[in-house]
Amino acid sequence: MQLVGLFFYTILQKGKRRARLAAKRAAAAPRTLGSHPLVPADGLNASSNGNNSHVQYSSNWAGAVLIGSGYTTVTGTIVVPTPKAGSGTGGRASSASAWVGIDGDTCSTSILQTGIDFTYTDGQVSYDAWYEWFPDYAYNFDGISIKAGDTVTMTVTASSKTGGTAVIKNQSTGKTVTHTFSAQSAALCETNAEWIVEDFESGGSLVPFANFGTVTFTGASARSGGGTVGVNGATIIDIQQGSKVLTDCGTSGSSLVYCRYIG
């Protein structure tokens, strides 16, 4: 897959990348690395994969999606992975993102989401925490540090279809950051609750997908209709790019979603 030259130049030059991100944070500017709605891979849907009876293949999403109505809160906790260069990248810079969100699958007009990017560059790893109300840009949180092995809880809450909050708490450091949205131009449908590992975009192209090992969302739950629901019955999504499946995702019990990199 073709990579926009600007991203490649930026991500390979770590010092300049950090300076650029610091400048963005200071100016409250959007990050150029963007999450997007689920993109089916080669039109494939509703396939069978082992014990998972509801599987979709996507070029950019891996994880689990509940499809229903009235989802107003989604939460999950991960242990931050140590990314490596993905297969087929020649050891070059690679990235991925883990997030929780509302909408973006069957409702593709908007997504309320928050998560963590993890990037491998020349033997070094870096992390950014962010929030987004798609189709607006994603923005980096300021004032929180993330490192491999940290336990991080991500939560989004819709107070209405055009407002809500994104919260990331680093359980290992005790630091919490929050962003409040209001009067968004794109309304939520509240029909999807998600726990996702994504191959995100830069400049309109997917970035080289990192080998993230395994990302496990524990305590995965959503609020719907005034009650709390787990991940039972969720649609499982795996990333397929070309003829190659890069992830193996599934659920275990009512509150755990896992994704393994198999590329």
* Asked: In the stretch 185-205, which residues are surrounded by fewer than 22 Cβ atoms within 10 Å (Cβ to Cβ), over 13 Å from the mean Cα position of the chain (by Cα) and within 23 Å of Val65 (Cα to Cα)?
  -> Ala186, Ala187, Cys189, Glu190, Thr191
* Only one of (1) in contact (Cβ under 8 Å) with a residue 60 or more places away in the chain; (2) in contact with a His (Cβ under 6 Å, 6 or more places away or on another chain); (3) of a type in the set (Phe, Trp, Tyr) fails for Tyr120. Which number is that? -> (2)
* **Cβ-Cβ under 9 Å pairs, at least 6 apart or on other chains, the stretch 136-149 side over 24 Å from Thr214 (Cβ atoms) and among the hydroxyl-bearing types (Ser, Thr, Tyr), far side surrounded by 13 or more Cβ atoms within 10 Å (Cβ to Cβ) and at pLDDT 95 or above** => Tyr139/Trp130; Tyr139/Tyr131; Tyr139/Glu132; Tyr139/His179
* Could you pull out the residue among Phe217, Phe209 that is within 20 Å of Gly90 (Cβ to Cβ), surrounded by 15 or more Cβ atoms within 10 Å (Cβ to Cβ) and aromatic (Phe, Trp, Tyr)? => Phe209
* Residues satisfying the stated conditions in the stretch 238-263, i.e. under 15 Å from Glu194 (Cβ atoms) and acidic (Asp, Glu) -> Asp238
* To do: For the stretch 87-96, state whether one or more residues are surrounded by fewer than 23 Cβ atoms within 10 Å (Cβ to Cβ), under 20 Å from Val257 (Cβ atoms), of a type outside the set (Ser, Thr, Tyr) and touching a residue at least 24 places away in the same chain (Cβ under 8 Å).
  => no
* Asked: So, in the stretch 220-231, of the ones that are modelled with pLDDT of 95 or more and of a type outside the set (Val, Ile, Thr), which residue ends up surrounded by the most Cβ atoms within 10 Å (Cβ to Cβ)?
  -> Ala220
* In the stretch 126-148, what count of residues is obtained for those that are within 13 Å of the chain's Cα centre (by Cα) and either among the small types (Gly, Ala, Ser) or surrounded by fewer than 18 Cβ atoms within 10 Å (Cβ to Cβ) (or both)? -> 2
* Could you grab me the full set of residues in the stretch 142-192 that are charged (D, E, K, R) and under 23 Å from Thr82 (Cβ atoms)? => Lys147, Asp150, Lys169, Lys175
* Please identify the pairs in which a residue from the stretch 186-203 that is under 10 Å from Cys107 (Cβ atoms) has its Cβ atom under 6 Å from the Cβ atom of a residue that is of a type in the set (Lys, Arg) and in a loop (DSSP other than H, G, I, E, B), counting only partners at least 6 apart or on another chain. => Ala187/Lys161; Leu188/Lys161
* Asked: Assuming Leu3 fulfils every condition listed in (1) over 19 Å from Thr247 (Cβ atoms); (2) at pLDDT below 50; (3) in contact with a strand residue (DSSP E or B) (Cβ under 8 Å, 6 or more places away or on another chain); (4) not in a loop (DSSP other than H, G, I, E, B) apart from one, which condition is it?
  -> (4)
* To do: Name the strands (runs of 3 or more DSSP E) wholly inside the stretch 206-263 in which the number of residues that are under 19 Å from the mean Cα position of the chain (by Cα), farther than 17 Å from Pro81 by Cα and not aliphatic (A, V, I, L, M) is 2 or more.
  => 214-224, 235-241, 247-252
* To do: Scan Thr151, Thr121, Thr173 and give me the residue that is under 29 Å from Asp238 (Cβ atoms) and surrounded by fewer than 17 Cβ atoms within 10 Å (Cβ to Cβ).
  => Thr151
* Among (1) within 23 Å of Ser108 (Cβ to Cβ); (2) in contact with a Ser or Thr (Cβ under 7 Å, 6 or more places away or on another chain) - the single one Ile262 does not satisfy -> (1)
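The values are calculated or read from the model by the stated rules, or taken from the named source; none is laboratory data. Predicted model, so just to flag it, every value in this text is computed and none were measured. For neighbour counting, all protein chains shown are included, and Cβ atoms are generated from backbone atoms with ideal geometry for every residue, glycine included.
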